[in-house]
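The values are calculated or read from the model by the stated rules, or taken from the named source; none is laboratory data. Quantities reported herein were computed from a predicted structural model and do not represent experimental measurements. Positions of Cβ are generated from backbone atoms using ideal geometry, with glycine treated the same way; all protein chains shown enter the neighbour counts. Areas reflect the complete protein model, heavy atoms only, side chains present, ligands, DNA and RNA absent. Shrake-Rupley method; radii C 1.70, N 1.55, O 1.52, S 1.80 Å.
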Amino acid sequence: MAVLEGARRRTIDMGRRALGLDVPAADHTIAVLHTAESEVPGLDPRETVQFKRIRLLGATGSVLMAISALGVAAQPVVQNPVSGVRVIGVFARWQTSSLALCMIGTVLVVMAWLLLGRFAVGGFGGAPAHRLSRSQLDRTLLLWIIPMSVAPPLFSNDVYSYLAQSEIAARGLDPYEVGPATGLGLHNVLTYNVPNIWRDTPAPYGPLFLWMGRGIAHLTGDNIILGVWAHRLLALAGVALIVWALPRLSRRCGVAPVSALWLGAANPLVLFHLVGGVHNDALMLGLMLAGTEFCLRAIAGERWVGSVTDVVCPTNGSEHIGKPFDRRAWSLLIFGAVVITLSSTVKFTSIIALGFVGMALARRWGGGVRPLLAAALTLAGIMAVTTLFVSWTSGLGFGWTHTLNTANAVRSWMSLPTAVGIVTGFGGVLLGLGDHTTALLSITRPIAGAVAAFITLRMLIATWTGRLQPVGAMGVSLAAIVLLFPVVQPWYLLWAIVPLAAWATTPAFRVPAVVFSAVVSVMLMPRGADFGVFQIIEAAVAVVIVGVGFIVVTRNLLPWRGGAGVSARSQRPAAYGVSS
């Protein structure tokens with residue numbers, strides 16, 4: 001039997017080499033993104049004082065943003081509770097001042113987040129290798145989130161589309177066939193608040209989200225304020241799931257939980273867009289990460305119950321290959337796959353996580369072609385049953401599969417293929433060749449999609465062969481998908497940043513992630529009004545004056561000269577396998 005098993009292994013290895021699959025881990029360029037982080041002591045008394053000042057700085061910025069939201073947030077056209085009210089109603093009339101206040105608050109939160117990184121990632125730039133505790137970070141994150149969670153929607157009015165599409169479903173109509181203007185009428189209070197570009201557009205979201213939205217519509221009716229708060233509760237639930245899953249996934253990858261939470265959960269994009277903007281991406285990401293954690297827990301054969309400190313840093317997973325599943329492992333695997341599938345019925349992109357779980361599962365079952373097919377059939381069956389159940393039980397059917405490309409009508413400057421097509425088309429206009437932007441987009445977008453598919457396939461194979469940890473490979477794939485997506489909104493960056501925060505630790509990832517997060521966070525304007533150029537310039541000047549003045553005044557009180565902690569010194573070799 002041993003001889004036959006050895007022959008089988010050699011045959012599989014020869015087949016992998018023939019297919020170009022068996023490349024040594026050291027040759028895999030993506031591996032340089034990951035190094036393991038060692039444990040470091042907590043903050044000393046001086047650093048603790050600085051940390052408390054940083055926490056207060058972020059809380060102050062968050063409060064300023066919440067106050068300014070009374071004037072510049074995406075408040076409803078009708079049923080505005082502050083319209084005409086004395087004192088608090090003045091913010092809507094002083095738009096330039098409110099805009100400046102919002103931008104100052106935004107910069108203060110970003111500053112606080114960058115400074116917090118000094119203590120979240122221990123041992124950089126010659127600084128003492130100290131790191132704040134998990135409880136300190138949790139309390140800080142909660143303190144920064146509370147003001148944003150009670151403020152009107154900021155930076156986006158998508159929540160009003162959620163309300164209108166949910167009301168369409170509540171009335172027994174198909175939200176995947178009719179838009180708010182047709183389904184509710186132009187003079188409906190919910191339609192008034194939907195942006196013009198989306199009034200005739202069917203819903204692009206999955207049946208689970210609209211099923212929950214229909215329940216919210218039954219509870220809140222035409223009350224816009226209650227409806228917004230109900231959807232914000234869903235967003236907060238998604239953020240809570242991210243906070244729960246991210247430390248556990250980071251432990252599997254040899255990354256300090258505080259470091260992962262700082263970049264992935266305390267990120268200003270999470271605060272401003274998932275919480276402040278009330279986007280359903282929070283629920284999608286939370287369910288995807290939680291489902292991935294349960295699946296990897298089953299694959300690793302772990303027997304612990306729930307403490308994040310019980311997770312052992314990963315090995316290559318070879319000690320588990322070929323071992324049978326027990327009943328508890330099957331239960332965890334099925335539950336995790338169901339949760340991932342539920343996330344895809346909010347937004348379909350997250351279904352990619354099931355592919356990487358499947359590759360890790362195939363490796364656990366033996367790593368050959370037959371285990372791969374068995375894992376694929378198992379997870380595909382769970383996905384199909386779950387999707388059928390949600391679509392049938394909700395009564396919404398499968399119309400959502402035909403509206404997934406609805407957002408492609410928007411030309412997003414953050415999308416690489418769209419930007420290339422627009423710039424090339426504009427160049428044609430300048431050369432007198434005519435505007436061929438639409439034709440160019442029909443070329444650049446499919447090419448970008450093919451490149452993203454190729455990168456995803458590479459990452460799937462790397463997970464199957466054990467060269468990359470599933471969480472890291474999934475994050476790299478999502479990064480490729482986001483950057484090459486036809487439409488990229490600022491919060492889409494979190495699709496890649498959040499999972500990669502649990503795995504990628506070197507400056508090659510952290511520096512660009514921090515820079516993108518900070519720059520995108522401060523450059524976006526709130527959606528509550530149409531601001532003139534002079535208003536934006538005046539507000540920006542006020543922000544520069546306040547920001548520079550604040551840095552000068554606090555130069556000896558806050559660790560400005562220490563940097564923002566965007567790199568880490570590794571003291572252990574990287575580990576790419578499934579957790580032990």
Handout entry: Filtered residue count, segment 124-154, keeping only those that are open to solvent by 10 Å² or more (accessible area, probe 1.4 Å) and either touching a Pro at 6+ places or on another chain (Cβ under 7 Å) or aromatic (F, W, Y) (or both)
Key = 3
Exercise for the section: Kindly indicate whether M65 is at pLDDT 80 or above and hydrophobic (A, V, I, L, M, F, W, C). Expected result: yes
Handout entry: Pick from segment 155-172, criterion modelled with pLDDT under 90 and either in contact with a His (Cβ under 8 Å, 6 or more places away or on another chain) or buried (at least 24 other Cβ atoms within 10 Å of the Cβ) (or both), ranking: farthest from N196 (Cα to Cα)
Key = F155
Exercise for the section: Report whether or not L190 is in a helix (DSSP H, G or I) and under 23 Å from V487 (Cβ atoms). Expected result: no
Practice task
Could you identify the single residue in A73, A100, A112, A120 that is buried (at least 20 other Cβ atoms within 10 Å of the Cβ) and at pLDDT 90 or above?
Solution key: A112
